[in-house]
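First comes the structure, then the notes that go with it.
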Amino acid sequence: MQSLNTRMLCCASFVLAAFLGFTGLTLDRAFRESALESVRERLQGQIYLLLGAAELDSSTSLVLATPLAEPRFSSPASGLYAEIITGGGERAWVSDSTLAMKIPYPSVTESGIGRFETVSTSTGESLFAMSFGVVWEGSNGTERKVTIRVSESTDSFSRQVDEFRRALLTWFSLAAIVLLILQGLILHWGLAPLRRVAVEVAEIERGKRERLSDDYPTELRGLTDNLNTLIAYGRDRLTRYRNALDDLAHSLKTPLAVLRGASEVQTTNAVTPLVREQVARMQETIDYQLQRAAAAGRRPLSKPVSVRVVVDALLRSLSKVYAEKAI
């Protein structure tokens with residue numbers, strides 16, 4: 001069977017691993033959602049940037065002021081793409097970064113509402129895409145419904161999440177190692193009184209100590225006090241038996257001396273009754289001394305005795321012997 005220290009350390013390690021794992025998953029999910037919300041807000045900002053640069057000309061055609069504040073719209077395959085779609089589904093404007101890419105943007109049916117999704121291009125590139133419907137009003141009161149679409153590569157997002165996960169794993173691993181070391185030290189310190197009990201019991205067995213110390217923690221005082229009581233009882237019991245044997249030896253000296261003298265001066269027929277008498281006396285002495293040694297003192301950690309049963313039996317016996325005294 002494993003030691004208490006090993007069992008407690010294994011249990012504490014399991015709980016620590018479960019706690020750190022759950023905390024890591026929670027932090028990872030929270031960071032991912034926060035980073036995803038940051039991407040959505042960034043795409044929303046790009047849409048507002050295009051709205052600020054766009055205007056309707058006299059023929060109600062949509063034109064954008066150049067150059068745009070975001071240079072990535074002008075760089076091919078920059079990872080940031082945009083287009084403006086008219087109400088009829090025609091492209092009114094496409095960024096230079098898009099080239100011939102076909103991006104399945106999410107569709108919107110209402111103006112003033114944006115829709116954000118993760119999509120894949122025809123080449124398999126993963127993108128964050130957002131579509132935003134707008135009703136454009138010209139200077140002459142004309143209105144034109146357009147949809148502004150912006151998308152961004154997920155590479156930057158994935159790198160950011162991967163870096164966070166690596167940092168999280170590194171720091172959590174270091175924290176786990178430090179906590180395991182601290183737990184081991186705490187358990188070693190906390191279980192020191194139990195090891196001390198084992199050492200003192202071994203010293204008692206070797207005769208180097210008579211009893212356990214009294215300065216144990218409260219949780220162990222019941223154990224150590226009972227052990228001290230048991231040790232003291234064993235020592236007292238041994239002392240009583242030694243004293244009983246001494247008394248027995250002294251009590252047997254007289255009958256033995258009588259037998260020895262009788263065997264020297266009397267005949268066999270005269271010795272026989274004397275021998276029987278002295279043997280009976282010796283047997284009574286032995287029984288008395290042994291019962292006295294066994295009954296003396298208090299037995300700790302023993303089975304409780306039903307006092308009522310014993311007293312009732314004693315009263316029944318006495319009432320029969322001393323019926324006239326009405327005990």
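Between the Cα long axis of helix 4-53 and the first principal axis of the chain there is an angle of about 10°, rounded to the nearest 10.
Per the helix-only calculation at 222 nm, which mean residue ellipticity applies to the chain, given -39500 (n - 2.57) for every DSSP H run of n ≥ 4 and division by its residues, nearest 500 deg cm²/dmol?
On the way: 6 runs with 191 residues, N = 327.
That calculation yields -21000 deg cm²/dmol at 222 nm.
Over the chain, calculate the relative contact order: mean separation of alpha carbon pairs under 8 Å at least 6 apart, over the residue count, as a percent. Before the final figure, lay out the partial values.
Details: 316 pairs, mean separation 39.5, N = 327.
Reported relative contact order: 12 percent.
Here the chain is assigned +1 on the Cβ of each Lys and Arg and -1 on the Cβ of each Asp and Glu. Its dipole about the Cα centre then comes out at about 2840 debye. Taking a straight Cα-Cα cut-off under 15 Å and skipping sequence neighbours fewer than 8 places away in the same chain, the aspartates and glutamates within cross-link reach of LYS102 are GLU83, GLU90, GLU125, GLU152.
Could you work out the longest stretch of the chain that avoids the trypsin sites (Lys or Arg not before Pro) located in DSSP loops with at most 10 other Cβ atoms within 10 Å? Kindly include the intermediate steps, with their values, before the conclusion.
Details: sites that count: LYS102, ARG206, LYS208, ARG298.
Answer - 103-205.
Angle of helix 192-205 to the longest C-alpha principal axis of the chain, folded into 0 to 90 degrees and rounded to 10: 20°.
If you run the Gaussian network model on the chain, springs between alpha carbon atoms under 10 Å, then out of ALA100, ALA17, ALA92 the most flexible one is ALA100.
In segment 75-175, Cα pairs under 8 Å separated by at least six residues give a relative contact order of 25 percent.
Split the accessible area of the chain by element, probe 1.4 Å, and carbon with sulfur accounts for 58%. Among SER158, ALA30, PRO217, whose Cα sits farthest toward the positive end of the charge dipole of the chain (+1 at Cβ of Lys/Arg, -1 at Cβ of Asp/Glu, about the Cα centre)? Sorting the options by dipole projection puts first PRO217. Calculated accessible area for segment 79-142 comes out at 50 Å² per residue, all protein chains present (probe 1.4 Å; ligands, DNA, RNA ignored). The Cβ shell under 12 Å around SER213 holds other residues with a net charge of -2, Lys and Arg each +1, Asp and Glu each -1. Counting only Cα atoms, segment 206-260 measures 62, 20, 11 Å along its principal axes, largest extent leading. When the chain is described by a simple charge dipole with +1 on each Lys and Arg Cβ and -1 on each Asp and Glu Cβ, the residue from THR6, LEU256, ILE204 located farthest towards its positive end is LEU256. Against the chain, whose longest principal axis is taken from its Cα atoms, helix 218-265 shows a tilt of about 20°. Return the inverse of the average 1/r over all pairs of distinct C-alpha atoms in the chain, which is the Kirkwood hydrodynamic radius, in Å to one decimal. The answer is 31.3 Å.
The values are calculated or read from the model by the stated rules, or taken from the named source; none is laboratory data. Because the structure is predicted, anything quoted here is derived from the model rather than measured. Cβ atoms come from the backbone with ideal geometry, glycine included; neighbour counts cover every protein chain shown. Only protein heavy atoms, including side chains, enter the accessible area calculation; ligands, DNA and RNA are left aside. Shrake-Rupley method; radii C 1.70, N 1.55, O 1.52, S 1.80 Å.
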